[in-house]
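The values are calculated or read from the model by the stated rules, or taken from the named source; none is laboratory data. Keep in mind the model is a prediction, meaning the values are calculated, not measured. Cβ sites come from the backbone with ideal geometry, for glycine too, and all protein chains shown count toward neighbours. Note: areas computed on protein heavy atoms with side chains; ligands, DNA, RNA excluded. Shrake-Rupley method; radii C 1.70, N 1.55, O 1.52, S 1.80 Å.
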Amino acid sequence: MTEKPEPRDEQEKSVSELAGAYAARAGVERREDGQIDVLKSVGGVRGLTESILPGLVFLVVFTVVRDLAPALIGALGIAAVFTILRLIQRGTVVQAFSGLIGVAICAFVANTTGRAETFYIPGFFTNAAYIVGMVISIAVKWPLAGLLFGFIRGEGTDWRKEPGRLRAYVLATWIVIAVLALRLAVQVPLYFVGPDALVALGTARLVMGVPLYALGLWLAWMVSRPVGGAVVGGTAAPGSQH
């Protein structure tokens, strides 16, 4: 008789498959020298532009004209242009509309309240949700950095069987959590200052957005480097010592 897979094995397989799919969609890439390709991992130049420009336009327009409507229209217009370009270039629907939806939510909140600083509120909740998710991943011993980097390095989910690798990925996940927590620690107090701190809040959001995340991602990658090289099919993965 063929032995039925243990429920635990099935669970491990399911989580492993989900982790692989997440890693594939996350867009994090490794260069030939084994280092993480930070620029590609944040979407390249286009990704940087798409993430920064709508917020920059909103901040600049509102600072100049002191009118919420044109600032929101400008931000939404820029996001819509990027969406159309992605659709023309046959990008996925999720890629095309994710940025526009994010800006639209921020614009809706700001327009509803009539206060420019509330444009940044959705970002606070997004950061908090990611923090909670990552803390939970650590608590259940499936740290998010391991799910992501493990597949890129060719470790799959085998790193969970080695206490040293598990600790490394826990530390890497805490680094990303620290980046997100730092955003909240700086930006939330600026939000509560009110309109007088709008420029400071907007600037902090831009600087602590993709640029800070990219730095945190690089640090997480470096602290979780395998000492002896990740194993792929019984051989050390090229550049995995980096």
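Take the eigenvalues of the Cα gyration tensor for the range 156-201, scale each by 5, and report the square roots as semi-axes in whole Å, largest first.
Working from the Cα gyration tensor, I get semi-axes of 38, 7, 6 Å.
For the pair Leu48/Phe192, report the inter-label distance in nm, with labels modelled 7 Å from Cα in the Cβ direction.
About 3.4 nm, to one decimal.
Roughly how much of Glu50 is accessible, in Å² to the nearest 10, using a 1.4 Å probe?
Glu50 exposes around 40 Å² with every protein chain in place.
For every other residue with a beta carbon closer than 9 angstrom to the beta carbon of Ser224, add +1 if it is Lys or Arg and -1 if Asp or Glu, then tell me the sum.
Local net charge: +3.
When all protein chains stay in place, what accessible area (Å², nearest 10, 1.4 Å probe) is found for Asp158?
Counting only protein heavy atoms, Asp158 exposes about 90 Å² to solvent.
For the range 172-187, take each phi angle, set θ = phi - 60°, evaluate the Karplus expression 6.51 cos²θ - 1.76 cosθ + 1.60, and give the result in whole Hz per residue in order, putting x for glycine and proline.
These are the phi-based 3J(HN,Hα) values: 4, 5, 5, 5, 5, 4, 4, 4, 5, 5, 5, 4, 5, 4, 8, 7 Hz.
Which values, in whole Å and largest first, are the semi-axes of the equivalent ellipsoid of the range 74-175 obtained as the square root of 5 times each eigenvalue of the Cα gyration tensor?
That gives 36, 20, 8 Å for the three semi-axes.
Quote to one decimal, in nm, the extra length available between Thr203 and Ile84 on full extension: 0.36 nm per residue of separation minus the C-alpha distance between them.
In short, 40.2 nm is gained.
For Met222, tell me the accessible area in Å² from a 1.4 Å probe, rounded to the nearest 10.
40 Å²
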